[in-house]
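**Student:** To start, I am sharing the structure in question, which I have written as structure tokens.
Values quoted throughout were computed directly from the atomic coordinates according to the rules given, and no laboratory measurement underlies them. The structure displayed is predicted, hence computed values, not measured ones. A quick note on method: Cβ atoms are made from the backbone with ideal geometry, for glycine too, and the neighbour counts reach across all protein chains shown.
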Amino acid sequence: MRKLAITLLIALMPSTLLASGSGLELKPANVDLSDKASMQRGAGYFINYCQGCHSLQFMRLNRVASDLGIPEDVAKAEMMLGDAKIGEPMLNTIPEDQAKSWFGVAPPDLSLTARLRGDDWIYNYLISFYKDPSAPSGWNNTIFENAAMPHVLANLQGVQELDHETHELKLVSKGSKADEYDQIAHDITAFLSYVGEPVKAKRQFYGIFVMIFLLVFFVLAYALKKEYWRDVH
Ligand code: HEC
């Protein structure tokens, strides 16, 4: 029985918990998939600051609009890159071979990154860029060492430097939204978390009903078992 309980517990554990082990402490992203305003802002930042390089090939803008409560005409007017159509996958605009020659690696598709890396990882990645003159892009990252990606949000956050002794990051010059930057990183993370599993918010909602049903069912089954065995004893 105990073995079974432990096996069940492991099976139910979020995969990101099991996959941790980089040794780095990650600050919690605390993504709230019912906070549509946050995911809407995140979508806006993603389209303006990320989609040039990164595609979301498993996501379409009309799905984003309807899931996050963005009117379709607003999405069409403000959220479409180049000559994209609202029902098409959200592709990047940079040709892959060009990206490769610039960065050494092509920017990966981010559709499933939240599921592979976890929300906490993405959030911490976005707040951990620092200036590194020895890196090809001039930037480095404490979460993803020698990442080929430059700090594309530096004009919002500002510039951080790494103290090599304490291993802490210090903001040495403020960007235009330095005070809001933490929220911005949260919003983008929330959006990518939603993209990784668009039905998760609904599933969490139904999950509560399923748990209640199981509980009621368990009580009934237990009562039945007692009733059944009473005559046997
Ligand atoms: C100028 C191009 C460019 C832009 C713009 C850009 N990235 Fe990147 N990004 C890259 C490249 C290149 C990599 C690959 C880094 C590596 O593997 O060394 C990368 C990697 C990543 C990764 C890690 C993926 C993984 O699992 O390895 C994440 C997450 C990410 N970017 C998020 C973002 C977000 C969020 C934005 C917008 C705020 C953004 N990127 C904007 C070029 C870009």
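**Student:** For helix 36-45, report the angle its Cα long axis makes with the longest principal axis of the Cα atoms of the chain; keep it between 0 and 90° and round to the nearest 10°.
**Tutor:** So the inclination is approximately 30 degrees.
**Student:** Also, quick follow-up: Considering only Leu112, Asn92, Leu56, whose Cα is most displaced toward the positive end of the charge dipole of the chain, charges sitting on Cβ of Lys, Arg (+1) and Asp, Glu (-1)?
**Tutor:** After comparing all options, I get Leu112.
**Student:** Using DSSP to define loop residues, name the trypsin sites (Lys or Arg not before Pro) in the stretch 78-186 whose beta-carbon has at most 13 other beta-carbon atoms within 10 Å.
**Tutor:** Answer by residue number: Lys85.
**Student:** So, one more: According to the square roots a ≥ b ≥ c of the eigenvalues of the Cα gyration tensor, what is the shape class of the chain, taking rounded for a/c under 1.5, prolate for a/b larger than b/c otherwise, and oblate for the remainder?
**Tutor:** Verdict is prolate for the chain.
**Student:** If one takes the longest principal axis of the Cα atoms in the chain, at what angle in degrees, from 0 to 90 and to the nearest 10, does the Cα axis of helix 2-12 lie?
**Tutor:** 40
**Student:** Please work out the Cα center distance from the stretch 184-199 to the stretch 88-104, rounded to the nearest Å.
**Tutor:** First find each Cα centre; the distance between them is then 21 Å.
**Student:** What does the charge count near Cys53 come to, summing +1 for each Lys or Arg and -1 for each Asp or Glu among other residues with Cβ under 15 Å from its Cβ?
**Tutor:** -2
**Student:** Summing +1 for each Lys or Arg and -1 for each Asp or Glu, what net charge is found among the other residues whose Cβ lies under 13 Å from the Cβ of Thr113?
**Tutor:** Cβ neighbours under 13 Å give a net charge of -2.
**Student:** OK, next. Among the DSSP beta bridges whose two residues both lie in the chain, what percent are antiparallel, rounded to the nearest 5?
**Tutor:** Counting only bridges with both partners in the chain, antiparallel ones make up about 100 percent.
**Student:** Taking springs between alpha-carbon atoms closer than 10 angstrom, which of Met59, Met39, Met211 fluctuates most in the Gaussian network model of the chain?
**Tutor:** Evaluated over the chain, the most mobile residue of the options is Met211.
**Student:** Under a crude label model (7 Å from the Cα following the beta-carbon direction), how far is Tyr49 from Leu171 in nanometres?
**Tutor:** Placing both labels 7 Å beyond Cα along the Cβ direction yields 1.2 nm.
**Student:** Could you give the nm distance between label points at Ile86 and Glu197, where each point is 7 Å from its Cα heading toward the beta carbon?
**Tutor:** Taking the simple label geometry, Ile86 and Glu197 are separated by 2.9 nm.
**Student:** Amide H of Tyr130: which non-local residues (sequence gap of 5 or more, or other chain) have their own amide H closer than 5 Å, using H built in the peptide plane?
**Tutor:** Asn140, Asn141, Thr142
**Student:** Something else about it: Let's see if you can work this out: charge +1 on each Lys and Arg Cβ, -1 on each Asp and Glu Cβ, no other charges. What is the dipole magnitude of the chain about its Cα centre, in debye to the nearest 20?
**Tutor:** That gives a dipole near 1040 debye.
**Student:** Okay, next question. Tell me the net charge near Lys76. Cut-off is 13 Å between Cβ atoms, Lys76 excluded, with +1 for each Lys or Arg and -1 for each Asp or Glu.
**Tutor:** Taking every Cβ under 13 Å from that of Lys76, the sum is -3.
**Student:** State the answer as a single residue: which of Leu126, Leu33, Ala223 lies farthest towards the positive end of the charge dipole of the chain, with beta carbon charges of +1 for Lys and Arg and -1 for Asp and Glu, about the Cα centre.
**Tutor:** Ala223
**Student:** Over the chain, calculate the relative contact order: mean separation of alpha carbon pairs under 8 Å at least 6 apart, over the residue count, as a percent.
**Tutor:** Computed value for the chain: 22 percent relative contact order.
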